[in-house]
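The values are calculated or read from the model by the stated rules, or taken from the named source; none is laboratory data. None of the values given here were measured: they were computed from a predicted structure. Positions of Cβ are generated from backbone atoms using ideal geometry, with glycine treated the same way; all protein chains shown enter the neighbour counts. To get the accessible areas, we keep the full protein, side chains included, count just its heavy atoms, and leave off ligands, DNA and RNA. Shrake-Rupley method; radii C 1.70, N 1.55, O 1.52, S 1.80 Å.
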Amino acid sequence: MVEEEKLKVSAEDLEEDEPQGESGGCIGMALYWFKVLVAEMHWSFVLGVVIVYGISQGLGGALNRVATKYYMKDVQKVQPSGAQFYSGITSIPWMVKPIWGLFTDLVPIFGYHRRPYFVFAGLLGVISLLSLSLLENLHLPLAILLLTVGSAGVAIADVTIDACVAQNSSFHPTLAADLQSLCALSSSIGALLGFSISGIFVHLIGPKGVYGLLAIPGGLVLLVGLLLNEPHMPNFNYRQVSDKFVSAGKAMWTTLKIPNVWRPCLYMYLSLALCLDINEGLFYWYTDSKDGPKFSQENVGFIFSIGSVGSLLGALLYQYVLKDHQFRDLLFWTQLIFSLSGMLDFLLVLRLNLKFGLPDYLFIVIDESVHQLVNRLKWMPLLVLSSKLCPRGIEGTFFALLMSIDNVGLLSASWGGGFLLHILNVTRTKFHNLWLAILIRNFLRLAPLCMLFLVPRGDSNSSILITELPSSDVDNEVSEVNNIELVSLVNGIDIDNQKEAF
């Protein structure tokens, strides 16, 4: 009741500042909306969302993605298949997100659940990226280790801010949707800005210089840990931690054995793993091949930025047009179109676009936009389906587990694509079999169509999973972990920042 009274009072205080009519315009409404969030929550939390989602993941993730491509190609001088393999290694910290989530929920440090993990994540990012930037002649294994440590810093910060968002959503249920919008907008705007300037910075200061700049987002994440308003809880009983970990693990395993859960999980893994990732081979061809377009760093950055717009359009199209359609129908058509859209790469590699009078830059912009739009449409139903597979009591941690399964599928696709590039002898200088790799990739994208029977027939409005777990023992276990707050939002797997095709 006290919390409700505070909400009413703060809302009344803001009413007189609300822009009337259309005079304030879009900017005025946006500022008013932001002011409401700051007033209802603590300013340090809103700042944390903007820093973690917008600066660390959005802007920093975009800069890191482009810089790493050029770092592997020009500094470490690895083959495309090797770059494909190493990109999978650096994504491993995102596959163990439930572990980070359980730690931040169940293991406070110095009486705080969130602040120390932000500080730890920021330190990981600053140390690893500064080392990449300043150390000369790094051996490849050490460089991969530092990139993986930096990825772990971003993943830990992501899980921790997810938990903060979930906690504030429960305290302010009327603003839960606004919080998700703030997270999504911060990430999208940050990524768009990051991709727009990434090529320019790589050209001016090189990939190692960009790594030095990326230490700034890590420092800002550390600052969030120092400023975040969080109640102090001394005298925590650490003896309970192991029991709660075991209870949460048993509850998740019991849920995974339910047919309505493991069947869609199997489909989600296979649908991602069979879509082989050969993006590094295409990237090397775009930039190095004598017969290719030889895009500059600036062009690469702008192409990525336009692709991020396509992804945003895909999310809007799903939200306003397609979200009420059956899962099977959506997945069938999006998977089919996803396979067909891959033929644009085939036309580009064979230079057929020039015969149609389409210049390389225009064609790749169309290719990238279509790919990202279709990829987002393909991914959104899987996200909604995942949210409906989570049992009551462990919703957040189980959702993070599902996202980890999907990340394993992405790793399988990356390593499978690297193996395909290797056996077809696609190297830094040899691209004569790249067209064949594209055809094999496109054909395998059709394979998930044969496994759609694993997906339930429901839609976004259907209840797919029973609300209670099937045994009293599990019910007791769920009650032990009922306070777990970790919720991974749309960018919990962050397919935009990790694995989207060039």
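Comparison of 214, 193, 270 shows that the only residue that is surrounded by 15 or more Cβ atoms within 10 Å (Cβ to Cβ) and closer than 30 Å to residue 35 by Cβ is 193.
When residue 78 is tested against (1) in contact (Cβ under 8 Å) with a residue 40 or more places away in the chain; (2) in a loop (DSSP other than H, G, I, E, B); (3) open to solvent by 20 Å² or more (accessible area, probe 1.4 Å), only condition (3) is not met. Being assigned to a helix (DSSP H, G or I) and more than 17 Å from residue 158 (Cα to Cα), is that true of even one residue in the range 109-128? Looking through the range 109-128, at least one residue is assigned to a helix (DSSP H, G or I) and more than 17 Å from residue 158 (Cα to Cα). Restricting 134, 123, 140 to those that are at pLDDT 95 or above, among the aliphatic types (A, V, I, L, M) and open to solvent by 30 Å² or more (accessible area, probe 1.4 Å) reduces the list to 123. For the range 137-174, filtering for residues that are over 22 Å from the mean Cα position of the chain (by Cα), more than 20 Å from residue 230 (Cβ to Cβ) and among the small types (Gly, Ala, Ser) leaves 1.
Taking the numbered list (1) at pLDDT below 75; (2) in contact with a Ser or Thr (Cβ under 8 Å, 6 or more places away or on another chain) in turn, residue 203 passes all entries but (1). Residues that are among the small types (Gly, Ala, Ser) and in a loop (DSSP other than H, G, I, E, B) were ranked within the range 283-309; the one that is surrounded by the most Cβ atoms within 10 Å (Cβ to Cβ) is 292.
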